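No lab work stands behind these numbers, since they all come straight from the coordinates. Source: prediction; values computed, not measured. Methodologically, a virtual Cβ is constructed for each residue, glycine included, from the backbone with ideal geometry; neighbour enumeration extends over all protein chains shown.
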RNA sequence: GCCGCUGUAGCUCAGUGGUAGAGCGCACCCUUGGUAAGGGUGAGGUCGAGGGUUCAAGUCCCUCCAGCGGCUCCA
């Protein structure tokens with residue numbers, strides 16, 4: 001006698017078990033037809049699920065009432081499309097063994113082990129898609145049936161897929177009492193798959209689908225295990241939705257910092273120079289320099305002092321810090337001393353001997369610095385420190401080198417040489433909280449000024465079950481509490497993640513997404529008990545004895561490379577005036593106005609505005625198009641009329657029509673204001689006020 | 001590093017084993033113009049590198065390099 005509670009609070013009682021579909025039918029046939037699944041007590045389930053006891057029921061339709069995509073509906077759809085794709089693939093490549101095929105936020109994938117002599121290629125997509133279309137057209141129902149663990153295992157063993165057997169074992173491990181299978185059609189007759197479900201009612205509900213790409217993956221995510229092929233696809237309830245999605249991907253591509261970086265001439269990567277090594281072109285350098293100047297000025301206000309260090313340090317330094325040889329794989333190979341190499345060669349050492357010495361840390365030489373802390377530590381330690389001197393805050397735009405795997409490199413966001421807007425704070429235990437707070441304040445200021453609001457904050461804490469952490473647990477408790485409290489004040493999207501702490505201390509990371517949805521860590525604040533210990537750092541306390549300081553590593557931007565890459569995408573290349581490589585372009589309407597244009601340019605240049613004059617032999621229309629494509633904030637069209645009145649005709653980026661004319665002196669003052677206020681006032685506003 | 005895809009003019013890209021192409025950009029000429037592409041002429045190529053198959057390779061095969069999408073990794 002199930003009593004079913006609907007989302008509006010109303011209830012329906014039945015004297016026999018019913019399916020969710022039956023319940024929908026009692027409300028209306030059209031609703032029942034529109035349903036693709038349901039939530040039973042909040043759990044996503046098949047529409048055919050039998051309800052035999054009291055529960056809450058939320059029917060899932062293709063679109064929510066306000067005509068938005070329902071994420072639950074898309075989830076069911078995509079999981080189901082993955083099954084259809086898997087069936088189509090197995091028709092084309094009979095030896096393909098299925099592993100795991102979950103839905104994603106914007107599609108789905110299926111990990112599949114292909115026979116070695118028949119890998120899947122992109123050229124197979126068309127054939128797979130046409131097989132899928134057939135399956136969709138047949139409108140076969142997704143039919144669930146359950147078997148006991150024993151029977152199910154027998155069945156899987158007879159089918160011989162070690163991957164599915166493993167999936168079943170994993171399910172049993174986490175407490176499954178039976179195994180469920182889904183047939184696309186009739187069990188025993190049609191294609192089927194071990195699957196937890198749930199699914200949409202039938203294949204005919206798949207309105208539009210597309211296979212997107214191939215990638216490789218590892219079984220269980222373990223690089224030493226079997227290599228699988230991951231086939232990515234997506235699907236929607238309608239062709240229109242799919243097209244909209246594909247258009248959106250195209251749009252995202254236009255914002256991609258690698259595309260814009262080339263178009264706007266912001267940076268260059270040259271394969272002759274090396275992979276992952278950014279060459280900052282003049283335009284990109286402007287952005288970097290403005291950011292550095294700005295953050296540098298803020299640091300000075302906050303009591304930081306600048307330092308400069310070389311890009312290399314002796315291996316002994318990194319042996320003390322613990323970075324060599326333990327992290328040797330992610331570093332450039334050491335620069336070896338000539339005498340050492342000669343010695344090695346005289347001794348007749350082979351390459352493998354040398355390699356062994358390398359992994360034992362048993363060589364002499366220098367390392368391209370993989371981080372800045374050891375150098376800064378040595379500056380701290382270069383003189384005795386009193387508790388009255390603390391905190392000591394050493395800052396540097398420090399360039400570091402890391403040997404990232406070639407497949408991991410990506411534009412400006414993952415590189416092998418980058419500059420950290422780094423600083424190391426050496427403080428007393430009781431100063432940690434205030435210092436962490438100060439660091440976060442800086443990050444917050446940076447993000448707010450730039451309008452970066454779409455980020456999340458990750459507070460990395462200890463994994464309670466691990467013993468890898470150094471330092472006194474009582475200190476950890478205090479440091480974690482300090483991080484937690486400081487992060488909470490941000491009021492942003494904060495998540496605490498146990499196990500995400502560094503082995504040397506808790507940390508707070510700022511994570512943003514790029515245009516294709518990949519997450520990148522930018523700013524970071526890390527408390528460190530380890531390095532002060534390893535380097536035996538000290539200060540003299542009020543009690544006239546030595547005490548150990550605590551270090552805080554912090555970088556509000558993270559790296560300038562990654563940060564600028566993210567900013568390019570954030571602004572879609574249209575930087576606010578103060579960061580724009582070219583702030584104003586003067587467009588004379590013909591050569592006759594070149595002299596006045598030059599005069600305008602000189603006035604702007606005089607107050608440090610980055611301006612240019614477009615003297616190309618082209619019509620105004622063409623010059624405006626070019627200026628717009630370069631996303632220059634202001635284009636000043638000047639002709640005889642303007643020269644006569646000493647005015648400029650102003651056109652702002654992103655505004656279709658020109659704003660009107662303004663006296664040259666007024667424009668110069670207004671644009672300087674806009675720059676100095678970082679956009680709090682603007683030339684555009686001034687026009688709006690004048691017209692209000 | 002791994003799997004797949006891609007690599008042709010400065011950029012974006014066509015190119016059926018048989019003479020290397022287009023648009024944009026660039027140079028020059030005409031045009032001297034008022035808010036998103038005026039017209040003409042021309043220069044520009046070791047088709048990523050190396051090897052192989054073939055009478056003949058940008059095109060087919062192999063190796064390497066680089067980029068892209070993922071996987072793994074990111075002190």
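Over segment A:73-196, all Cα pairs binned in 5 Å intervals from 0 give whole-percent P(r) values of 2, 10, 19, 24, 22, 14, 6, 2, 0, listed from short to long.
Computed over segment A:538-692, the percent of Cα pairs more than 29 Å apart is 31.
Taking the longest Cα principal axis of chain A as reference, the axis of helix A:473-488 is set at about 90 degrees.
Considering Cα pairs under 8 angstrom that are at least six residues apart, work out the relative contact order of segment A:268-393 and quote it in whole percent. After rounding, I find 29 percent.
Taking a ≥ b ≥ c as the square roots of the eigenvalues of the Cα gyration tensor, an a/c ratio of 1.5 or more together with a/b no larger than b/c marks segment A:566-631 as oblate. The label-point distance for residue A:26 and residue A:688, in a model that sets each label 7 Å from Cα toward Cβ, rounds to 5.6 nm.
Once the Cα atoms are used to define both axes, helix A:594-606 deviates from the longest principal axis of chain A by about 90 degrees. Panel order for A:64, A:184, by other beta carbons found within 10 Å of each beta carbon, from fewest to most: A:64, A:184. In chain A, the longest principal axis of the Cα atoms and the axis of helix A:149-159 are about 80 degrees apart.
The DSSP beta bridges internal to segment A:31-187 are antiparallel in roughly 100% of cases. Spatially, segment A:271-318 and segment A:157-204 are offset by 54 Å when compared through their Cα centroids. Using R0 = 60 Å, the C-beta based FRET efficiency linking residue A:189 and residue A:592 works out to 0.10.
Its Kirkwood hydrodynamic radius, worked out from the mean inverse distance over all distinct Cα pairs, puts segment A:372-418 at 13.4 Å.
Here the alpha carbons of chain A define both size measures, Rg and Dmax, at 31.5, 94 Å.
Need one word for segment A:135-278: rounded, prolate or oblate. Basis is the Cα gyration tensor (sqrt eigenvalues a ≥ b ≥ c); a/c below 1.5 gives rounded, then a/b vs b/c decides. Since a/c reaches 1.5 but b/c is at least a/b, the shape of segment A:135-278 is classed as oblate.
Taking other Cβ atoms within 10 Å as a rough exposure proxy, A:497, A:173, A:674 sort from fewest to most as A:173, A:497, A:674.
Principal axis analysis of the Cα atoms in segment A:592-669 yields extents of 26, 25, 21 Å, listed in decreasing size. Under the criterion of Cα pairs below 8 Å and six or more residues apart, the relative contact order for chain A equals 8 percent. Note that segment A:136-180 carries a Kirkwood radius of 11.5 Å, evaluated over its alpha carbons pair by pair. Rg/Rh for segment A:280-428 stands at 1.05; both radii use Cα atoms, and Rh follows the Kirkwood definition. Spin-label model, residue A:253 to residue A:644: label points 7 Å out along the Cα-to-beta-carbon direction sit 5.0 nm apart. Cβ crowding within 10 Å, taken as a proxy for footprinting-reagent exposure, orders A:664, A:635, A:490 from fewest neighbours to most as A:490, A:664, A:635. With the cut-off at 1.5 for a/c, could you classify segment A:160-240 from its C-alpha gyration tensor as rounded, prolate or oblate? Cα axes put segment A:160-240 in the oblate bin. Here segment A:202-223 is scanned for amide nitrogen atoms under 19 Å from the site 7 Å beyond the Cα of residue A:105 along Cα-to-Cβ, giving A:212-213.
Taking 0.36 nm per residue of separation and subtracting the Cα-Cα distance, full extension of the segment from residue A:448 to residue A:172 would add 94.5 nm.
With R₀ set to 41 Å, the beta-carbon distance separating residue A:477 from residue A:285 gives a calculated FRET efficiency near 0.35. Calculated mean residue ellipticity at 222 nm for chain A: -11000 deg cm²/dmol, from DSSP H runs with n ≥ 4 weighted as -39500 (n - 2.57), summed, divided by the residue count and rounded to 500.
Measuring nothing but alpha carbons in segment A:33-127 and taking Rh as the Kirkwood radius, the Rg to Rh ratio lands at 1.10. The spacing between segment A:20-38 and segment A:623-675, judged by their C-alpha centroids, is 60 Å. When Rg and Dmax are taken over the Cα atoms of segment A:644-692, they come to 10.6, 32 Å. Averaging the sequence gap over all C-alpha pairs within less than 8 Å and six or more residues apart, then dividing by the number of residues, gives segment A:396-471 a relative contact order of 23 percent. Of all DSSP bridge pairs formed entirely within chain A, close to 85 percent run antiparallel. Distance between the 7 Å Cα→Cβ label points at residue A:265 and residue A:350: 5.4 nm. Between residue A:343 and residue A:681, the FRET efficiency from the beta-carbon distance, with R0 = 56 Å, is close to 0.25. All Cα-Cα distances of segment A:157-202, cut into 5 Å bins from zero to the largest, leave 5, 19, 27, 25, 16, 8, 0 percent in each bin in turn.
Computed extension length for residue A:117-residue A:428: 105.6 nm, one decimal, from 0.36 nm per residue of separation with the Cα-Cα distance subtracted.
Taking only the Cα atoms of segment A:510-614, the radius of gyration and Dmax are 24.7, 80 Å.
When the label point is put 7 Å from the Cα of residue A:196 along its Cα-to-beta-carbon vector, which residues of segment A:22-64 have a backbone N closer than 16 Å? The answer is A:40, A:42-46. Compared with the direct C-alpha span, the chain from residue A:15 to residue A:302 gains 96.1 nm at full extension, assuming 0.36 nm per residue. The fraction of Cα-Cα pairs per 10 angstrom bin, counted from 0 for segment A:345-502, comes to 8, 23, 35, 23, 8, 3, 0 percent, rounded to whole percents.
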